[in-house]
Each structure stands twice: as C-alpha cells, then as structure tokens.
Amino acid sequence: AQSVTQLDSHVSVSEGTPVLLRCNYSSSYSPSLFWYVQHPNKGLQLLLKYTSAATLVKGINGFEAEFKKSETSFHLTKPSAHMSDAAEYFCVVSLYGTASKLTFGTGTRLQVTL
Amino acid sequence: DSGVTQTPKHLITATGQRVTLRCSPRSGDLSVYWYQQSLDQGLQFLIQYYNGEERAKGNILERFSAQQFPDLHSELNLSSLELGDSALYFCASSVAGTTYEQYFGPGTRLTVT
C-alpha cells in the first residue's frame, strides 16, 4: 500500500520569497514520487519526478524537490515565488518501475501575494 | 499541451442518464488511466487499460465502465447517473519506460442535475 500526506492544505507567500510545500509518503516498495500542479480550471501538469536516480530533482519553472528516505519526505521548494505560481499542488506516489496508478495527496493551495 | 485529448470539455445531463467520455492518449502511449476529481473525494484513480486490456481497477462504481480500442483511444461510460457523480474526469496516458510518469488531458467536467 502507498499513500502521501500533504502537511499543509493552504500556503501563502509573498512574491519573491521562498516556497516550501511539504509532503510525506508511505510505500511498501521503492516509490516513484511526483509533484503535479493544477491551475484554476486547468488540467494537471507534471512539475517533476523522482525515480531512484538523483535525490535532488529539478523540475520546470524553477521548482525542485529532495527525496529523503530517512524522513520519508519529498518536499517541493522554489527560491522565489512568482504570481503565476498560484495554483493547487499535488504530491503523488506510485510504484517504481511499473505503469501503475497514481495515488494523490489532498493538495496544497499556494497563494502568492504582492 | 500534454498531447492527451478529451472530449467533451463540459457535459450537463440529468439524473438517471448515461454519458460517454472519450480520451485519446499521446502518440505511442499504451497505457490509459481514468481519474475522478471531486470536492469531497479529491483525485481518485478509477481504472487503467494497457494496450486494450484492463490492467487495474480502483474506486470505480459498478455503474461505470471503460474500454480501450485497437487505436488506443479509450471511453469511460457512466450510467444511471446520480448527483454525486458530478465531477471532473481526467484521462492520463503513459509510455512504457523506466519512469512511467503520466500525462493528463484537460478533463471533462460532468454536471448531473
């Protein structure tokens, strides 16, 4: 069984300040981990993925995430928030090495203020 | 643009009716997945097809069914619709490789009145 817990349902930051969205995972096997973003009334876009290679993963739009097995965490960060980053972010887990279903966290809504 | 297409974008129908949602995967992708996004349940996996065969089932109701055709497009059939079936339905596809990330279509918003 696998699951993810997103520790914050809502995060608010000022434009130009760092972003931290927290995610803990649980998996009986080696996981693949992803972050997806959903802008209002839009579909889901893949931000980045971890698949047992480098533990620090770089994604699109300046986002990155670090896989920490000892802490079972996969937090998403960005050094400087932009207004266009305002969206819902989902931490996602699946089984590594197979084409299998994605298990989504409950989402974190990121608000960016001026 | 992910390369995954879904039709229709919006669907409004009455309780008790039946609808069909259509998905075309990215070129070359053999796996198709269906997900439901609702306010109370979040994003949930419904069903997966791989090269025409059902591969995995999630929280899919018996009133719902799906299939994948030889050209790899997929259809999700929802019948005896209830108000609670109102949701965003996403299709995703993935390529057989080492990472298996899934690419999502824009979704079909179903409203049952």
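Where a number appears in this text, it was derived from the coordinates with a stated rule and is not lab data. Quantities reported herein were computed from a predicted structural model and do not represent experimental measurements.
Tell me whether the stretch B:28-75 comes out rounded, prolate or oblate; compute the Cα gyration tensor, take square roots of the eigenvalues as a ≥ b ≥ c, and use a/c under 1.5 as the rounded threshold. Because a/c hits 1.5 or more and a/b exceeds b/c, the stretch B:28-75 counts as prolate.
Extension gain, B:E75 to B:T7: 0.36 nm times the residue separation minus the Cα-Cα distance gives 23.5 nm.
In whole angstrom, note down how far apart the Cα centers of the stretch A:1-44 and the stretch B:1-64 are. Taking the Cα centre of the stretch B:1-64 as reference, the centre of the stretch A:1-44 is 22 Å away. Can you bin chain A into rounded, prolate or oblate? Criterion: square roots of the alpha carbon gyration tensor eigenvalues sorted a ≥ b ≥ c, rounded for a/c under 1.5, prolate for a/b above b/c, oblate for the rest. Because a/c hits 1.5 or more and a/b exceeds b/c, chain A counts as prolate.
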